[in-house]
Amino acid sequence: MTTVAPIAPTEQPGVAAFAALAAHAEGPEWLMARRAAAAAHFAEVGVPSSRNEEWRFTPVSGIATTAWTAPGVSPAVSAEEVAALRLSEGPLAVLIDGRFAPDLSALPAEIGAKSLQAAIDSGDAVVRQYLGTVAPPEMTPFSALSLATFTDGVVLHIAANTTLDAPLEIMHLTTSAADGALVAPRVLVTAGQNARGAVVEQFVSLADTLHFSNAVTELVLGEESWVEHIRVQREGERAWHIGFTHADQARASHYRGFALSLGAKLCRHNIHARLGGEQVETLMYGLYLTRNEQLADTHSAIFHDQPNSNSWEVYKGVLADKSRAVFNGKVFVQPIAQKTDAKQTNRNLLLSDTARVDTKPQLEIFADDVKCTHGATVGRLNDEQRYYLQTRGIGGRTAQELLIWAFAAEVLTEVTVSRIRAGIETIVRVRLDEMLG
């Protein structure tokens, strides 16, 4: 084992703390080389400020000014607590404060899943090939920080021509031991040719702590594979949450993503997909529900690198009180990517006069034989629709609930696993009830 050279400390306590955490990272030589490069990149770019265009509407200076530590000794978490939070009944991987918890996990050997640390220790060649290369450090400052400081995570290899019988559920749980700490889990999913499977990630706080979750998920889809990735972020409202998901797609593969964000003081999710072959399909759906002074930020990027592929993106938001949301969606179409069909939509519903949305869908098209559209809306509940309901004896709060639910349901129905969809719908209904007071 070797250790990585530390990030150069600055006058910012958070950056200095990250340097100390990176200095204690361990692993084999190949991993240490990647950690060192990531640490060097983060030392160069640091925590972004509002002068960085990609972070103009998302103030993360609080991350830089907090002296984050490693999580302490986690208190015991019972199997009953975990079961009460689950959305599925299949294979389960539990991470407590960023560390794999084998006693709470259930990973049958035949599904190809294990802890990230176990995969590294065993010399897993696929992990060596892809860890930190699918979502490289230069993608975002926080992907660099993740690679430099992560402690554990989950790996799933779906073999060619196989299908997971049930989704793999990954529970990222934080406890009181994470107060003031950086928690940096990583997930790596690979799907061989003609493989099929679904992965559910949940981020849940078991204690109301101030912590920083910096989560990275890398997905590699082989030819003709099909992967559904469901992400539910419902951490406590004192937490900072920065997430990055990147999918690399080979010919004729299908990636279907859904992200629900309703927790954390500030949540930023970068989701990227690279369409590296023909006949690729990429579907991205999301819903964010914000209240009080929460901020939810989604930055997506879809790279059409080859011809004859499709992408479809729909993100919706419901905002109450003084909360804010940011949506920045980019679609890049390369000159070779003729016959691209790309659609992108962002719709927002404001429940108060003080809620705010900054939305910016973008297309960068360098091919001429394409069908690409984008659009964004920000508005309130439709008065005509409310009047229509009132004329039929449905008014007040009930009318509000029906209209808001109809608005949100378009993306919720895109979760294909019925049990998981039902669980997510319950979570959303509870939060909407709280938002309406």
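Protection proxy ranking of 232-239, 346-353, 49-56, by the mean of other Cβ atoms within 10 Å over each peptide's residues and highest first, is 232-239, 346-353, 49-56.
Judged by the gyration tensor of its Cα atoms, with axes a ≥ b ≥ c, the range 97-189 is oblate; a/c meets the 1.5 cut and b/c is at least as large as a/b.
On the beta carbon distance between Q338 and T426, with R0 = 51 Å, the FRET formula returns roughly 0.70.
Going from the residue with the fewest nearby Cβ atoms within 10 Å to the one with the most, K316, K322 rank K322, K316. Note that the range 368-378 has calculated 3J(HN,Hα) couplings of 9, 9, 9, 10, 10, 9, 8, x, 8, 9, 9 Hz, one per residue in order, obtained from phi through the Karplus relation 6.51 cos²θ - 1.76 cosθ + 1.60 (θ = phi - 60°); glycine and proline are x.
Where the alpha-carbon atoms of the chain are placed on the principal axes, they occupy 72, 48, 45 Å, in descending order.
Ranking G72, L219, G257 by how far each Cα lies toward the positive end of the dipole of the chain (charges on Cβ) leaves G257 at the top. If a/c stays under 1.5 just call it rounded; otherwise compare a/b with b/c (prolate if a/b is bigger, oblate if not). Do that for the range 54-98, with a ≥ b ≥ c from the square roots of the Cα gyration tensor eigenvalues. In terms of gyration-tensor shape, oblate. Taken about its Cα centre, the range 299-403 carries a charge dipole of roughly 380 debye when the Cβ of each Lys and Arg holds +1 and the Cβ of each Asp and Glu holds -1. Once Lys and Arg get +1 and Asp and Glu get -1 on their Cβ, which of G437, Q362, I170 lies farthest toward the positive end of the dipole of the chain? Toward the positive end, the furthest listed residue is G437. Think of the range 132-201 as a dipole: +1 on every Lys or Arg Cβ, -1 on every Asp or Glu Cβ, centred on the Cα centre; then among P136, A159, S146, A159 lies furthest on the positive end. A Cβ-based charge dipole, computed about the Cα centre of the range 173-277 with Lys and Arg at +1 and Asp and Glu at -1, lands at about 160 debye. Calculated mean residue ellipticity, 222 nm, the chain: -7000 deg cm²/dmol, from DSSP H runs (n ≥ 4) at -39500 (n - 2.57) each, averaged per residue and rounded to 500.
Helices in the chain that qualify as membrane-span-like (whole DSSP H runs, Cα extent of at least 18 Å along the helix axis, mean Kyte-Doolittle hydropathy of 1.0 or higher) do not occur.
If both residues of a DSSP beta bridge must be in the chain, then about 5% of such bridges are antiparallel. Between the amide H of E313 and those of M284, K343, Q344, T345, distances stay under 5 Å, these residues lying 5 or more places away or on another chain, with hydrogens modeled in the peptide plane. A Förster radius of 22 Å, combined with the Cβ-Cβ distance separating K360 from E138, puts the computed FRET efficiency at roughly 0.50. Each residue of the range 81-89 is assigned a 3J(HN,Hα), and the resulting list reads 5, 5, 4, 5, 9, 5, 10, 9, 10 Hz, derived from the Karplus form 6.51 cos²θ - 1.76 cosθ + 1.60 (θ = phi - 60°), x at Gly and Pro.
For the range 349-437, the list of trypsin sites (Lys or Arg not before Pro) that fall in a loop by DSSP and count at most 10 other C-beta atoms within 10 angstrom reads R392. The stretch between A118 and E278 holds 54.1 nm of extra length on full extension. This uses 0.36 nm per residue minus the Cα-Cα distance. Its Cα centre serving as origin, the chain has a Cβ charge dipole (Lys and Arg +1, Asp and Glu -1) of approximately 840 debye. Kirkwood analysis of the Cα pair distances in the range 327-397 returns a hydrodynamic radius of 15.0 Å. The count of lysine pairs in the chain whose Cα atoms are under 23 Å apart, excluding pairs fewer than 8 places apart on the same chain, comes to 16. Under a 5 Å amide H cut-off, with hydrogens placed 1.01 Å from N, I158 pairs with T190, A191, G192 among residues at least 5 apart or on other chains.
Just so you know, all these numbers are worked out from the coordinates, no wet-lab data involved. From a predicted model like this one, the values you see are computed outputs, not experimental measurements. Using ideal geometry, Cβ is built from the backbone for each residue, glycine included, and neighbour counts are taken over all protein chains shown.
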